[in-house]
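The structure appears below as structure tokens.
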Amino acid sequence: MLRRNAYGESSRPLAPPWKASSQNGGRGDSAFPANQPMNHTIATSLIVLSLVICPAARPQSSPPRVSSRFAEEVRRLAAEGLRLKEAVEASLDGRSSHLAAIFERAKPKSPNESNELRIIEASDQGQTTIFRRSEFFFSFASNEQSARNATDINGDGLKEIIVQSSSGGNCWSCNPTEIYRVKNHKAELIAAGPISRIADLDGDGQADLLVADSRWEVYGDLSHAAAPSSLMIYAWRDGRYVYASRDFPAFYKSEIERLKGEVEGTRAAITEEEFSDDAYIGRAVSLAITIAQLGDVERAIAELQSVLNSSVRSSAQRKRRAAIIEDFKSGESAKKLREIKYGDPLPF
């Protein structure tokens, strides 16, 4: 659970299992997985997608228009140094009027206070901020997810809003997607993590979350550009998002075939030079952890062993790969392959 102060403002919890260190520990520099396209209490759902953007780099533009119902509150906040940057206005719970707004702070005390996300609720008594959180950067989605703004993505009867956030760090989990909902005049965080995609994969009318498995983002001496990654699928069941990857075999069949192609595509780059097999190893590990998402850990390890024992060009490469295989058989990676169980709730 995120912690919240008297104003509804949150602070980050301890890192869940999918979180990776912000220190990339490798020789490359990439904020996203190489193989990917790129409880608060609010009762309306809000989604915050990953993106690293410096607020100072964004051009100053005219503030968005809001209805007369919220205009006075926006002017009051402007007088306090909060410039309205983006806004979405809707009835998020089907009863009250809401303004989900992103403000830019004129004189932040620290970089992580540069932007402020608020949800303001209007009633006959006036306007009330029912949730607020400061961060390095926020922005409502301007990509394929924007069509989901102010819609009910999971069939819970409440409308979700999609927002991008960034803590400014250079790791996949430093820029999570956060999903909130507004209910009974309170804000509730229902999902958070490096969500790569939100889509209804099985046609049940409820959007599933494709979450980057960033537990191997910093792995051994692999460069960050070659970091292994995979997608975990969380489905909405009984009022929460739970791990359900094995229920989507068609999706993973396609992913496995794609990764096998990438493994083959990296073979040609392998020479006797040190680290020339980084990309090959990264794709091989990605293939193994993707197979493991289906619950078949033994098949995953066998596939990894087969790939890593092939295209060896030096004794140093053989030694390095043997250590990786052993790690997946009995080391920390062996534990990671088994630690997330079917039906486990999305940790945040």
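The values are calculated or read from the model by the stated rules, or taken from the named source; none is laboratory data. Just so you know, these numbers come straight off a predicted model, no measurement behind them. Here Cβ is always computed from backbone atoms with ideal geometry, including for glycine, and neighbour counts include all displayed protein chains. The protein model used for the area step is the full one, side chains on, heavy atoms only, and it has no ligands, DNA or RNA in it. Shrake-Rupley method; radii C 1.70, N 1.55, O 1.52, S 1.80 Å.
Using θ = phi - 60° in the Karplus curve 6.51 cos²θ - 1.76 cosθ + 1.60, the 3J(HN,Hα) couplings for region 118-129 round to 10, 10, 10, 10, 9, 9, 5, 7, x, 10, 10, 6 Hz; x is entered for Gly and Pro. Counting every alpha-carbon pair across region 194-302, the share separated by more than 25 Å comes to 26%. For region 100-112, putting each phi into the Karplus relation 6.51 cos²θ - 1.76 cosθ + 1.60 with θ = phi - 60° gives couplings of 8, 9, 10, 10, 9, 7, 5, 10, x, 6, 8, x, 6 Hz, in residue order, rounded to whole numbers and with x for Gly and Pro. Solvent exposure of Asp327, expressed as accessible area, is near 30 Å², computed with a probe of 1.4 Å over the protein chains only. Backbone amide hydrogens, once placed in the peptide plane, bring Tyr241 within less than 5 Å of Leu346, excluding anything fewer than 5 places away on its chain. Close amide-amide hydrogen proximity is noted between Ser196 and Leu210, Val211, Ala212, each under 5 Å apart and 5 or more residues distant or on a separate chain (H modeled in the peptide plane; Pro and chain starts excluded). Phi angles across region 259-275 convert, under the Karplus curve 6.51 cos²θ - 1.76 cosθ + 1.60 with θ = phi - 60°, into 3J(HN,Hα) values of 5, 4, x, 5, 4, 4, x, 9, 4, 4, 7, 7, 10, 7, 5, 4, 6 Hz, Gly and Pro given as x. Partner lysines whose Cα lies under 21 Å from the Cα of Lys85, excluding those fewer than 8 positions away in the same chain, are identified as Lys107, Lys109. Can you list the trypsin sites (Lys or Arg not before Pro) in region 102-135 that are in a DSSP coil and have 10 or fewer other beta carbons within 10 angstrom? When the trypsin sites (Lys or Arg not before Pro) of region 102-135 are filtered for loop state and at most 10 Cβ neighbours within 10 Å, Lys109 remain.
Label sites at Thr128 and Ser146, each approximated as a point 7 angstrom past Cα along Cα to Cβ, lie 3.3 nm apart. Each of Asp200, Asp124 has its accessible area taken with a 1.4 Å probe; listed largest first, they run Asp124, Asp200.
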